[in-house]
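The values are calculated or read from the model by the stated rules, or taken from the named source; none is laboratory data. Owing to the predicted nature of the structure, the values given are computational and were not obtained by experimental measurement. Positions of Cβ are backbone-derived with ideal geometry, glycine not excepted, and every protein chain shown enters the neighbour counts. Calculation scope for accessible area: heavy atoms of the full protein, side chains included, ligands and nucleic acids excluded. Shrake-Rupley method; radii C 1.70, N 1.55, O 1.52, S 1.80 Å.
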Amino acid sequence: MISNTILMEQLNQYYDAWLQYNNVYEEWAKAHGLSVNCLLVLCAIYDSGNGCTQKKISRQWLIPKQTINIC
């Protein structure tokens, strides 16, 4: 079994990586005049093919449907 200390260290490493990854998306979106949420919506639409709905995007990216509607 993994000790709590090791688990917390791994969790912190994961969050650090996630924050860096998220920062790259934010910087790219900002440089192109988009919000990060709008960029994620566009990525979801592109990746989904032809089966994309607000509800699916909202669930996948944890973005409110109202935010998706204004992108």
Within the chain, the cysteines whose Cβ lies no closer than 4.7 Å to any other cysteine Cβ are 43, 52
Percent relative contact order of the chain, based on C-alpha pairs within less than 8 angstrom and at least six residues apart? 22
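Accessible area per residue of the range 6-71 at 1.4 Å probe, in Å²? Spell out each step's value before the answer.
Values: 5390 Å² over 66 residues.
Roughly 82 Å² per residue, with all protein chains present.
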Among the aspartates and glutamates, which have Cα under 14 Å from the Cα of residue 56 when same-chain residues fewer than 8 positions away are ignored? 47
Over the chain, with every protein chain in place, what whole percent of the accessible area is carbon and sulfur at 1.4 Å, could you tell me? 57
Taking +1 at the Cβ of each Lys and Arg and -1 at the Cβ of each Asp and Glu, which of 35, 24, 13 sits farthest along the dipole of the chain towards its positive end, judged by Cα position relative to the Cα centre? 35
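For the chain, what is Rg from Cα atoms divided by 2.2 N^0.38 Å, rounded to two decimals?
Working: Rg = 15.7 Å, N = 71, 2.2 N^0.38 = 11.1 Å.
Compactness ratio reported: 1.41.
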